[in-house]
Structures are given as C-alpha cells and as structure tokens.
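Peer 1: Take a look at the following structure, please.
Every number here is computed from the coordinates shown, using simple stated rules; none is lab data. A quick note: this is a predicted structure, and the numbers were derived from the prediction, not measured. Because the Cβ atoms are built from the backbone with ideal geometry, glycine has one as well, and the counts that use them run over all protein chains shown.
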Amino acid sequence: MRMPGPFEIHKVVDLEQVVQAPEFLLLDVTGADFRATRTAADARFTDPATRSPVLSFHSYLVRSPAGTLLVDTCVGNHKERPLIAEWHRREGDYLARLAAAGVAPEAVDFVCCTHLHADHCGWNTRLADGRWVPTFPNARHLFAADEVAYWEAFHRADPGNMYEPAWRDSVLPLLEAGLVDRVRGDHEVAPGIRLRPAPGHTPGNVVIELDDGRERAVMSGDVIHHPVQVERAEWSSRFCLDPDAARVQRGALLGRIADTSTVLLAAHFSGPTAVRVVSEGDGFFYSAVPAG
C-alpha cells in the first residue's frame, strides 16, 4: 500500500487485525476506561464485537534518491515466541508482500529498527538450512548505540529472560555478520531521513523523520501503539520499560506535529495507518490521511 508523505513510502504488512484487550495493551487502563474514549467507537481501530483495540504489525519501505530504507521488520517467520500465540512459529507471506512493492531483499540498502523488541526486528533474519541468516544481506542495519548497549547488558545480567529469543535469533546474527552500524540516537541516515532519540518505550528508542523539503512525515515506532494514545496521550503501553519517560516523549511528539501538515506513520495502527494530529482543547485527536 502506497502511503502519503515525502519520498515513496509503502506499508508492508506482516500481521494484522490482531485484537488485544485494553488491559493487556495499556498500563493501568481498564476496559471501561478504553470504551469511554471517542477512539473506542472508531471501527477502523477497534473490534466492534469486543470494543477492544485492533493492531497491525507492518514495516515501512521508503525509496529515496539515496537508496531504499526498510523501517521495523515486524515479527518474522519460524520464530520461537511461545508467550504470544500470534507470533509463535508463524508462516506469513511478508517477503511476497515486499516483492509486490517492487523490492527484493537484496535491494534494501538500509534497515532501521526503532527499537529491538521482537515485533520490530523479526524479519532481520530468516531460517535457512537450520540457521538464522540475514534477510537483507546487502543492507546496513542502523541501530541506536544506546539500544544495543542496553540489551547487551540486560542479557549478560539475566540470560534466559523473556526477551532473549529475539536477541538470539534476530539481532546477534547481524552483529556476528558485521552488518550493524551502532549510531547515535540523532543520526542522518541519508538526506531528508533522520533518526531522533525518543527514549522511554526502550532506552534507545528512536523515531524516524522524513523531509524532502516539501512534505514531512514521522515514523513513530512504539512511542504510540494505538490511536487512543493520541486522544489520551497520558496512557503508556504495558510494554514500555519506562512508562513515565514514554509519556513525556509521546506528548512532545504530538505537540510538535499537531496542527501541521506532518503525517504520522504509526507502527501498529490498523486501518488508516497514516494520520495527522490536531489540537483539541488541552489534548489531541487524529484525522486519517488517505493512502495513495
């Protein structure tokens, strides 16, 4: 699906229409809290039967004059993820969808993961002859240095933790292959494409800003999981390692782009993935932008 914004942007879906209970997704938020929001009545983002949030797991493919960038590589195939049934040993057609957007894995020049949770780095590798090998062998994989350092220390201190499988099968093979560039949180990938630090969800979490001099977009990663967090910016997800810092980053991002032409490209919005943010009183709401 072609997305609005600078350069040529396509959404490449790995997994979609995943229904999550509000209590599972959002920290200290009840189902009644969620159902009291305006967003809960928006069938584009909420399951009508359960009045629960619906999520998508997708990448963004960006073609620019400087090369082809893939942002966040979703869940992946054949991964051992027993704690989340939808992710466990799945077999999806992500690479076929990438091909439908006109790109072979070998043609990707840059891969950026906004952070290194399992649903943002899974397609970094694929299973071949019993080994995890790089899916995008010619790409430089740009990870925030703070993010890599945090997870390296975390896994040394607590081997066998719940995050360890994704590190082992989706990050370590790239480090061992020499395909990773550890970059500053504020880093220019190419002209008009820049990483910006947004710590909170994870310590090295980043957002990606696109600007071709005419149009602007921000790929927000997990600063925002669901549109209800535009309406209720104070609600952090249950998976934020520092919910208070994540809340600050979300408010700052929304305040920066509200009432401008900047397109927000979220990592998990179902339905209209691209939105613009508008001010409402002392808060915000969203307005969907049609895909191309």
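Peer 1: Of the GluC sites (Glu not before Pro) in segment 71-175, which ones lie in a loop per DSSP and count no more than 10 other C-beta atoms within 10 Å?
Peer 2: 91
Peer 1: Run through segment 56-119 and list the trypsin sites (Lys or Arg not before Pro) located in a DSSP loop whose Cβ has at most 16 other Cβ atoms within 10 Å.
Peer 2: 89
Peer 1: Here's something else I'd like to know. Restricting to the chain, compute how many DSSP beta bridges are antiparallel as a %, nearest 5.
Peer 2: 75 percent
Peer 1: What order do you get for 115, 78 when you list them from fewest to most C-beta neighbours inside 10 Å?
Peer 2: 78, 115
Peer 1: Under a no-solvent Debye model with one identical scatterer per Cα of the chain, what's log10 I(q)/I(0) at q = 0.10, 0.17 Å⁻¹?
Peer 2: Ignoring solvent entirely, the Cα scatterers give -0.49, -1.57.
Peer 1: Taking the radius of gyration and the Kirkwood hydrodynamic radius from Cα positions alone, what is the Rg/Rh ratio for segment 1-53, to two decimal places?
Peer 2: That ratio is 1.11, to two decimals.
Peer 1: Let me ask something else. Please give me the summed charge of the neighbours of residue 203: other residues whose Cβ is under 14 Å from its Cβ, Lys and Arg +1, Asp and Glu -1.
Peer 2: Result for the neighbourhood of residue 203: -4.
Peer 1: Additional query: Go through segment 38-113 and name the chymotrypsin sites (Phe, Trp or Tyr not before Pro) that are in a DSSP coil and have 14 or fewer other Cβ atoms within 10 Å of their Cβ.
Peer 2: Answer by residue number: there is no such site.
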